[in-house]
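Scroll down for the structure; my scribbles are underneath it.
The values are calculated or read from the model by the stated rules, or taken from the named source; none is laboratory data. The structure displayed is predicted, hence computed values, not measured ones. Note that each Cβ is placed from the backbone with ideal geometry, even for glycine, and that neighbours are counted across all protein chains shown. To get the accessible areas, we keep the full protein, side chains included, count just its heavy atoms, and leave off ligands, DNA and RNA. Shrake-Rupley method; radii C 1.70, N 1.55, O 1.52, S 1.80 Å.
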Amino acid sequence: MAKKDFQNWSKDKLLHEYKELLKRKRFGIVWEDKSEEIAEMCKTQLPVLKEIKDKELLNDPNDPTNIIIEGDNYHSLSVLNYTHQKSIDVIYIDPPYNTGNKSWKYNNHYVEKEDRYKHSKWLSFMSKRLRLARKLLTEKGIIIVSIDDYEHHTLRALMDELYGEQNRLGTLVAIHNPGGRQDDEFFATAHEYMLVYAKNVNFAKVGRLDISDRKLAEYKYEDEYGKYKLREYRRSGAHSMPEDRPNLWYPIYINPKQLDITTTKKKGYIEIVPIDVSGTKRVWRWNPSTLETKKKKYIEIKKNGERFNIFVKERLDDNEGQKSKTLWNESYYSSAVGTAELKDILSDTFGNRKIFEYPKSKFLIKDILEITAGSQSVILDFFAGSGTTGQAVLELNKKDGGKRKFILCTDNEDNNGTGTKIARDICYPRIKNVMSGYTTNKKKVEGLGGNLRYYSTLLVDNVKTDNDKRIFTSRSTEMLCLAEATFDVVIEKKDLFAIYENENQMIGIIYDEDAIADFKNEASKHKKSFIVYVFSYDHTYNEEDFEDMNNLKTVKPIPEVILNVYRKIYKDLYKPRNL
C-alpha cells in the first residue's frame, strides 16, 4: 500500500481520515492513559542521586559493590538510564498486583477495587517504568515480572507490546499458597505467575536448575566413575521405530559369559536386535560407532533368565541440571517461608512482629536468577520492597563464588501504617544484617559479605539557564561516580574539581573551567587512566586543554551527557501511543 501524503489534505479530509482510523480494530492492549504526578514532576525537575554515607557498608574490597536507591522507582529508573543504560543483565520485579486492598497508591491515593479506572491507572504506571527498564537491559538481558490473576492478562499484553511477543520466553506458574486463598468465591487460588521476556530472544540464554533431592536419589548405583542411574538402551515412545531412525536399527552381539558387547559379529556371541516384549521393532539410542566409543563407561548388561537387557548408565557428573518446567512447586510459599525469614533477620529490631506483607520467598528468586543470571551479572529489582532479591543474590554468590551485583530500588513510604519506613527500616537493615551477620533466637548467623552504597533520589530544577547548568552539575557527582563504578575519593576541591578512583581507573570531575590547569597538575601524579568530566555550557569542550594528558582515556562535557539522556527518555515516554 502506498504511503499517504497528508501535507496538502484539507481539514475535512484529515478529520474524516482520523475518524476512520478510530474505527479500526486493533489487536493488542488499549487503555485510557492516566497522568501520574511522579512522572509529571520530570517536566519541571530532574532526578539526581545523593549518597547517604552513614549507610555505606565496606566488608571486603574484593567483594562486589551493591546499590540501594531510595525513592520513587520512576525517578530511580531515570537516573539508571544514565548510569546503567544497556548494562543490566537481569531484572526481577514484583510490582503491585492492583488487588484493591489498599496496598498501592496512585497520585497519593489508594486505588480501590471499585475504581472504574483501576486498570488504566495500573497500566499507565507500569508502562512508564517498563519502558525505562527496557533501555537498561543488555542485548542478552532478561526481565522477569511476578504477577497474579488480577493483572496477568493486561501485563502480558503490555509486555508483548513493549518487549515484543517474539521475545516472550515463557510464563511460569509458581505455587505460593498451597492451601489456596480461601476467601475466593469459586476456586481457592494457590498460584501466581512469572512472565519472562528477553531483550532479544536471539541472544538470551536460560540455564538449568540444580538437581532436586528427589532426583538426586535416583542415582542409586555407583562404580569407579561415580554415581549413575539406569535407562534402557532400546528406545521407546515417539521416534523409536526403524522407519523413524533407520541408522539406529542394527544388531548388537553379547558374550553371554563375560557380558562383553560389540557391534561386530563374533563366534560365541548372541545377536540382539531392538525388539520390545510386544514384538514391536524399535531402535537403539546410539549409532554403532558411538556405542563402541562409550560402552566401557556407559553400558551395563543384566541377564534376566534367558534374556539380556542392555542399559545406559546416566551419570550424575554428566547431568547439567534440571530443565525448568513451567510449573514451580518447591519452597516458594511467601506467607510462610518469606515472612519467617524476614522475622528472623530483623528480630533484633522488631522481635516476633510481622513487619512486611507478603515478602517473596528467597528460594523462588534464587531459582529464577540461577537460570537467568551468570556469575558476574548485574541484577536490578526496582520494586525491591523488603530486599529479598538482594539476599538471594548474596546467597548465590556465597554458593558458587560468583561476583553478581544487585541494584535495589524502593521507596521510603510508611509500611502499611506500622510507622516503619520500607527503605530505611526494613530493606536496608535486612541487607546489612545478611551481609554482616546477625543473631536470631540466640543463634549467630554468619554474614555473607559484600559491599553496599546507599543513595536517595533528589529533584533539581530543570535546566533553563546557565546558572541552572552549574547547579545541576554540582549535584551530579554521585551519578557520575556510580556510572563509572569509581567511588574512592582521591581529592575533592569544592566547586573546582574532584578525583575518584577504583582499582582500574580514575575519574576527574571539573566543575569550573578555570580549574582545568590545577586538575591536570593533580592528575599528573597518578598513572591510572582518566575519564574526565568537564563543565561546559554546551555539548563541546576545548580539546587542546587536555591534549597533554598522557593517561587520558576520554573527555565528556557535563551536564550535557546527562541531559541528553533525560531528553531522550522523557521524549519517548510522552510520545502518544499508536492507535
_Can you compute the modelled spin-label distance between residue 140 and residue 399, with each label point 7 Å from Cα toward Cβ, in nm?_
2.0 nm
*asked:* What FRET efficiency comes out for residue 201 versus residue 443 if R0 is 41 angstrom and r is the Cβ-Cβ distance? Round to the nearest 0.05.
replied: 0.35
_Nearest 10 degrees, 0 to 90: helix 288-298 Cα axis against the chain principal axis_ = 80 degrees
*Which angle from 0 to 90°, rounded to the nearest 10, does the C-alpha axis of helix 362-372 make with the longest principal axis of the chain?*
80 degrees
*asked:* Could you give the length gained by full extension between residue 260 and residue 518, i.e. 0.36 nm per residue of separation minus their alpha carbon distance, to one decimal place?
replied: 84.6 nm
_Those aspartates and glutamates that a straight Cα-Cα span of less than 16 Å connects to residue 421, excepting residues fewer than 8 apart in one chain_ = 70, 72, 357, 411, 413
*Which order do the peptides 524-533, 65-74 take when ranked by the mean count of other beta-carbon atoms within 10 Å per residue, highest first?*
65-74, 524-533
*Accessible area per residue of the chain at 1.4 Å probe, in Å²?*
53 Å²
_Candidate aspartates and glutamates for bridging to residue 281, where Cα separation is under 13 Å - those fewer than 8 sequence places away on the same chain excluded_ = 243, 244
_Report the Cα-based extents of the range 364-418 along its three principal axes, largest first, to the nearest Å._
39, 16, 16
*Label of the coordinate-derived value, Cα extents along the principal axes in Å, listed as (1) 98, 71, 62; (2) 79, 59, 47; (3) 138, 53, 48*: (1)
_Degrees separating the helix 560-573 axis from the principal Cα axis of the chain, which is the longest one_ = 70 degrees
*Taking the highest mean first, how do the peptides 225-236, 126-137, 440-451 order by number of other beta carbon atoms within 10 angstrom per residue?*
126-137, 225-236, 440-451
*Helix-only CD estimate at 222 nm, as mean residue ellipticity for the chain, using -39500 (n - 2.57) per DSSP H run (n ≥ 4)*: -7500 deg cm²/dmol
*Peptide ranges 413-422, 542-551 listed from the most packed, as the mean C-beta count within 10 angstrom indicates*: 413-422, 542-551
*Would you mind checking 267/313; 313/405; 19/102; 323/405 for any pair whose Cα atoms are more than 29 angstrom apart?*
313/405; 19/102
